[in-house]
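Report on one structure; see the data block that follows.
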Amino acid sequence: MEDRNLFQSLGQVSGGEAAQVFREHLRGFVLKMICDVMASEVEHLCGPKHQPTGSELYRAGSSSGRVLVDGQREEVVRPRVRQQQADGSTSEVALTSYESASSPEELQASILSALMAGVSTREISDVKPHSPGVGRSNVSRLWQSAGQKFVEQLRSQSLSEQDWTVLMLDGIRLSKDELAIVAIGHFYC
């Protein structure tokens, strides 16, 4: 969308709708940027278009793909690169830019933040309605995994480095696979 069209669209809608128009405009910019970065990576790997470099890396067309923009899946056309092997076979070369743009880590971090802020696993789909993997089961598994990492981190560090006045640790088994850990402490600074 051109800037002139954006300004016309913003001028014709209410405040709430203007925010939505603006967000959609930004999503378009982000998608274009992702496609431009993927094209730059391909050019870096294979050289300029229509100028073969004789390298074992070469352009191999494109295919449909998905990236995450603000936690929502977006369809893109991703370029493909292949590598010629010594035995004559070829293999796909993963584009770092595509892998980064399709990684769910940022979405997972925002889901964990929402859970830590008190949003229940049942309500995450209300917070991120168009995001993949926000069903109760997926969110619960993510929460269990993050909790397990926290417990492992807590168990691996020495508590003797602090002068504790009070430290209380307790664990409650919620089910066969779920454990809740409660830690309350006070130490001198």
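No value in this document is a laboratory result; all are computed from the given coordinates. Note that the coordinates shown come from a computational prediction; the quantities given were computed from them, not determined experimentally. Using ideal geometry, Cβ is built from the backbone for each residue, glycine included, and neighbour counts are taken over all protein chains shown.
A few remarks follow.
- The chain - Kirkwood radius from inverse mean 1/r over Cα pairs (Å): 21.3
- Remark on segment 103-189: ratio of C-alpha radius of gyration to 2.2 N^0.38 Å is 1.31.
- Backbone N within segment 67-87 under 14 Å of label point (7 Å from THR53 Cα along the Cβ vector): 81-84
- Interchain or long-range residues, amide H under 5 Å from VAL76's placed H: GLY65, ARG66, VAL67
- Which of SER97, SER158, SER140, positive extreme of dipole for the chain (C-beta unit charges): SER140
- Linear extension gain, GLN85 paired with SER160, 0.36 nm per residue minus alpha-carbon span: 21.5 nm
- Choice from VAL76, VAL139, VAL21 showing the highest fluctuation, given a GNM over the chain with Cα pairs closer than 10 Å: VAL21
- Ranked ILE184, ILE124, criterion: other C-beta atoms within 10 Å, fewest first: ILE184, ILE124
- Qualifying trypsin sites (Lys or Arg not before Pro) for segment 87-151 [loop in DSSP, other Cβ within 10 Å: at most 12]: ARG122
- When each of VAL93, VAL151 is scored by the number of other beta-carbon atoms lying within 10 Å, the sequence from fewest to most is VAL151, VAL93.
- Given charges at Cβ of Lys, Arg, Asp, Glu: the chain dipole, positive-most of GLN72, SER55, VAL182: GLN72
- Computed magnitude of the charge dipole of segment 86-189 (debye, nearest 20; Cβ of K, R +1, Cβ of D, E -1): 460
- When the inverse distances between all different Cα atoms of segment 3-103 are averaged and flipped, the Kirkwood radius reads 15.8 angstrom.
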